[in-house]
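This report refers to the structure that appears directly beneath it.
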């Protein structure tokens, strides 16, 4: 019995260990926050600049047809939404990290409709999980 309680007390951080765990958690929160401020803003701005890639290629053809051939204009709207989401994560990550996660889920669904972009969709699954981790950490640190 004494051995079991000693084992349990070993798993519970005490004193400085709690503080260190909180510091590490806060550092992880800040790293994720910076990433989810910068990435959406850069991607959103690049919808206008096309320095990183031609973003229009990530739009399924049928969506371009649904917009009457105005897929590029739709991508500009997407860019504005991404910029707003990035700014939102800077100001209120507790809310906007969930917005970014939902946005990434939509991007994943979009990419799954385009043959040849499944690897990018998988990468965005990882980004979505990071956004959800930021949202959870924001509950403690925002």
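Computed quantities for the displayed model
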| item | result |
| --- | --- |
| Nitroxide proxy distance, nm - points 7 Å out along Cα→Cβ at residue 27 and residue 57 | 3.9 nm |
| Between helix 71-91 and the chain: long-axis angle, C-alpha atoms, 0 to 90°, nearest 10 | 20 degrees |
| Crossing angle, helix 16-49 versus the chain [Cα axis fit, 0-90 degrees, rounded to tens] | 0 degrees |
| Inter-site label distance for residue 64 and residue 38 at 7 Å from Cα along Cβ, in nm | 3.2 nm |
| Helix-only [θ]222 nm of the chain, DSSP H runs n ≥ 4, -39500 (n - 2.57) each, per residue, nearest 500 | -27500 deg cm²/dmol |
| Spatial separation of Cα centroids for region 102-119 and region 43-67, in angstrom | 13 Å |
| Relative contact order (%) - region 14-141, alpha-carbon pairs under 8 angstrom, separation at least six | 30 percent |
| FRET efficiency, 1/(1 + (r/R0)^6) with R0 30 Å, evaluated for residue 91 and residue 113 via beta carbons | 0.40 |
| Calculated SAXS-style log₁₀ I(q)/I(0) at q = 0.10, 0.16 Å⁻¹ - the chain, Debye, Cα scatterers | -0.45, -0.86 |
| Relative packing of 136-142, 115-121, which averages over residues the other C-beta atoms within 10 Å, highest first | 136-142, 115-121 |
| Cα→Cβ-extended label distance, 7 Å offset, between residue 139 and residue 45, nm | 3.4 nm |
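FYI, it's all coordinate maths here, none of it is from the lab. Model, not experiment: these values are computed from the prediction. Heads up, the Cβs are rebuilt from the backbone with ideal geometry, glycines too, and the neighbour counts pull from every protein chain shown.
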